[in-house]
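Notes for the one structure printed next.
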Amino acid sequence: MDVFTTNAKLWPSGTELNLGIDSNPVGGPYSPTRQAAQFASDGGPNTYQFLFWNTGRHLTSKRNVKWIFTVLGWGVWTATRWYGIPGPGGPGSKQIRANAFSIGGNQSLGSATPIAAPPASTFPANAWPTSGDDHVVSTANGPVSIAAKDPYDTYDFAGWLQLMWGGDDSSEFVETDAGSGGSIGGVGFYEHVTGGAANFAGAQNSSADLLATYGYHPPPDRGRFVPDRLRDWIYQWIIDDMIKPPPEIIGDPSPIDRIRAKVLEQLIAESRPGQGGATDFQSLIEAAPKMSPAELKRAVQQLKTTLDLGNTALGALQARLKGK
């Protein structure tokens with residue numbers, strides 16, 4: 001059974017807004033439609049304006065979105081309507097600001113600019129960076145053509161989105177799971193926009209707030225870190241055994257012995273001179289002072305997932321021990 005769910009978040013912090021629960025089981029072809037309110041409030045003193053939908057596969061400033069699900073098998077499909085509060089700048093500033101956004105991660109990406117340096121981008125002299133900010137291009141002295149970094153920290157560029165306060169209510173954006181293969185986030189799931197046609201053109205004296213959207217992100221190399229490899233071993237020798245024990249691995253050595261041996265083997269390999277000398281946890285500790293707020297949030301979530309899985313594994317091991 002798949003689930004289609006929507007939520008609301010505040011730009012740019014990513015704080016979830018309490019605008020009600022919308023979660024729907026999907027047992028067959030399904031075509032829901034949703035309209036984001038132009039203004040919203042979660043009961044506090046602030047009123048927020050709609051900015052964009054993250055449909056789960058694309059970003060759009062359209063307030064009205066229709067999803068057409070026919071492939072299914074993807075598990076949980078989450079769509080988010082993003083709201084914000086207009087700040088300084090905007091129309092009349094003669095500046096174009098750009099930030100990077102992960103579609104799959106549903107959040108801003110790091111602190112590095114997504115703007116590609118010339119010759120990929122073209123600007124008048126001294127237009128970029130503006131006042132030392134490499135996220136901002138000045139249009140005061142002529143038109144600009146802005147290219148996005150591709151890749152951005154290994155994320156593939158998926159197109160520019162110009163933010164529009166209040167959104168666009170003129171038509172409907174249609175999203176589908178066609179070509180997904182029943183999996184969210186893999187190769188081909190997100191659009192990959194390349195070449196000069198992907199540049200954002202800004203006229204002289206124009207102003208804009210842009211999101212450089214990024215989609216596919218290759219999975220990390222799990223080759224040398226204990227937590228990621230432990231996850232694989234848990235699935236292979238404990239969880240899979242519980243569901244359907246393969247005849248060839250029943251008996252000695254038991255799944256517990258296999259996990260113990262693999263962990264010891266990996267720890268010994270990690271501690272050998274010339275092999276990096278650090279586990280994933282140690283690497284995180286050393287990298288933390290250099291991480292941006294977005295990178296810290298992402299690392300915390302990944303670590304929580306690893307720890308949760310470790311607790312699941314510990315419970316499975318203890319249950320096995322009690323039964324022996």
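Before moving on, here are some points about what is shown:
- Formal net charge of residues neighbouring Thr70 (Cβ-Cβ distance under 15 Å; K, R +1; D, E -1): -1
- Applying 1/(1 + (r/R0)^6) with r as the Cβ-Cβ distance of Ile85 and Leu321 and R0 = 35 angstrom yields a FRET efficiency of 0.05.
- Diffusion coefficient, µm² s⁻¹, Stokes-Einstein with Kirkwood Rh over alpha-carbon pairs of the range 73-200 at 10 °C and 1.306 mPa s: 95
- Estimated inter-spin distance, Met1 and Ala37, nm [label 7 Å along Cα→Cβ]: 2.9
- Net charge, Phe200 excluded, C-beta distance under 14 Å - Lys, Arg +1, Asp, Glu -1: 0
- All Cα-Cα separations within the range 1-98 were binned at 10 Å from zero, giving a P(r) of 14, 42, 29, 12, 3, 0, each value a whole percent of the pairs.
- Taking each residue as 0.36 nm, the span from Ile285 to Ser207 lengthens on full extension beyond its C-alpha to C-alpha distance by 24.0 nm.
All of the numbers you see were taken from the coordinates with simple rules; none came from a lab. Not measured: the values here are computed from a predicted model. Don't worry about glycine lacking a Cβ; one is built from the backbone with ideal geometry, like all the others, and counts go over all protein chains shown.
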